[in-house]
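See structure below.
The values are calculated or read from the model by the stated rules, or taken from the named source; none is laboratory data. On a predicted model such as this, the values are computed, not experimentally measured, just so you know. Cβ placement follows ideal geometry from the backbone for every residue including glycine, while neighbour counts extend to all protein chains displayed.
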Amino acid sequence: MHLGRTTLSKFLIQQLKDIEGASDLGALLVDVAAAVKAISAMTAKGALGDYLGALASANTQGETQKKLDVLANEAMLRSCEWGGLVAGMASEELDDPYPVPPEFERGRYLLVFDPLDGSSNTDVNVSVGTIFSVLRHHRAEAPATADFLCPGREQVAAGYAIYGPATMLVLSVGKGTHGFTLDREIGNFILTHPNLGIPEDTSEFAINTSNSRFWEPPVHRYVTECQAGRAGERGRDFNMRWIASMVAEVHRILMRGGVFMYPKDTKDPAKPGRLRLMYEANPIAMLVEQAGGRASTGRQRLLDVRPLALHQRVPVVLGSRHEVERIERYHAEFDNGTDKPYVSPLFNERSLFRPEARV
């Protein structure tokens, strides 16, 4: 493939030539890309198109919807419902699966998507994205909710779009993870980042430290070690990042390595995690694994989690393999009682509370 001249369509023809249902899967991904172009145009126009701000409504998770949430959701549904490629779709913004309208032919795939991840950032002009996952539909009948509840390892394709200084589409059909940049002059996605690879080691982590009082001890242990830097047992300094947009966090990791954590916490005991398994964790986990990284709940491979509900939430730890394995080890040691006790940084050796520091 000639870098800079390979369009998304040409790439898919080559990647899918030995996959069952290749033509339909390729056509569906092209339809997804068309929706991404429409969403990209809306996010780029922002206030000029009166696209910013919140609505009075909330989605099925009780979160306030942004105008762009609803518009992006409609763009994806309209782009993909008519081509005879999907049997049904499920969106983070909808309570129940979306059936293909009766006037359209039903296809052999199911599409699951988060139309605008990180939408709270749109009003402050920070990068947001779209995440999607493709599953096979194995029945002739219209899909029910149960048909969507497949573990992530059964995905046939997954990807995301990031709307930043450039619009990029990153996807995998199980043969590596590849990045395409939207050339606005010709309206095509061009292959610019083939065979993305996540380094096994990193000195960069991303986590929302405002939730630290709710974390489990294994997460406290890991973050405290990173914060100790060169003076601690890791023996090197770490950088911390947090954008509050999963797509932006993961894109940085795919470009240069790192580890992203949205762990289980006690802030809301009714929620075992914060991110949605079907719409966010599974597709991103596929991309990360295909790029040589690791994706986990902290206690289990993400792609092996069997969904119990369409909007199920899970803890997420992903990125550079060796760091994710370390975090998994800390969870295992905590669970079996062999971990180090967590000591608050307020009382450690550098603290104002040291006996020799008291006046």
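Numbers at a glance
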| quantity | calculated |
| --- | --- |
| Criterion violated by H220 - all others in (1) over 18 Å from the mean Cα position of the chain (by Cα); (2) part of a loop (DSSP other than H, G, I, E, B) satisfied | (2) |
| Residue list for the stretch 89-119, restricted to those being in contact (Cβ under 8 Å) with a residue 24 or more places away in the chain and assigned to a loop (DSSP other than H, G, I, E, B) | E92, E93, L94, D95, D96, P97, V100, R106, G107, R108, G118 |
| Matching residues in the stretch 141-162 - criterion: being assigned to a helix (DSSP H, G or I) and within 17 Å of the chain's Cα centre (by Cα) | G152, R153, E154 |
| Restricting the stretch 66-82 to residues that are at pLDDT 95 or above and not hydrophobic (A, V, I, L, M, F, W, C), the residue that is surrounded by the most Cβ atoms within 10 Å (Cβ to Cβ) | N73 |
| Any pair with Cβ under 8 angstrom, 6 or more apart, that starts in the stretch 5-18 at a residue that is surrounded by fewer than 13 Cβ atoms within 10 Å (Cβ to Cβ) and ends at one that is among the β-branched types (V, I, T) | R5/I190 |
| So R256, is it under 16 Å from G129 (Cα atoms) and among the basic types (K, R) | no |
| Filter result for F189 (touching a helix residue (DSSP H, G or I) at 6+ places or on another chain (Cβ under 8 Å), farther than 21 Å from S40 by Cα and in a strand (DSSP E or B)) | no |
| Answer from I198, I190 - the residue that is at pLDDT 95 or above, buried (at least 16 other Cβ atoms within 10 Å of the Cβ) and over 20 Å from S296 (Cα atoms) | I190 |
| Selection from the stretch 256-284 of residues that are touching a residue at least 60 places away in the same chain (Cβ under 8 Å) and either more than 11 Å from the chain's Cα centre (by Cα) or under 17 Å from H331 (Cβ atoms) (or both) | G257, G258, V259, M261, A281 |
| Breaking point among (1) assigned to a loop (DSSP other than H, G, I, E, B); (2) out of contact with any Gly (no Cβ under 6 Å at 6 or more places or on another chain), for N211 | (1) |
| Members of the stretch 93-131 that are of a type in the set (A, V, I, L, M) and out of contact with any Lys or Arg (no Cβ under 6 Å at 6 or more places or on another chain) | L94, L110, L111, V112, L116, V124, V126, V128, I131 |
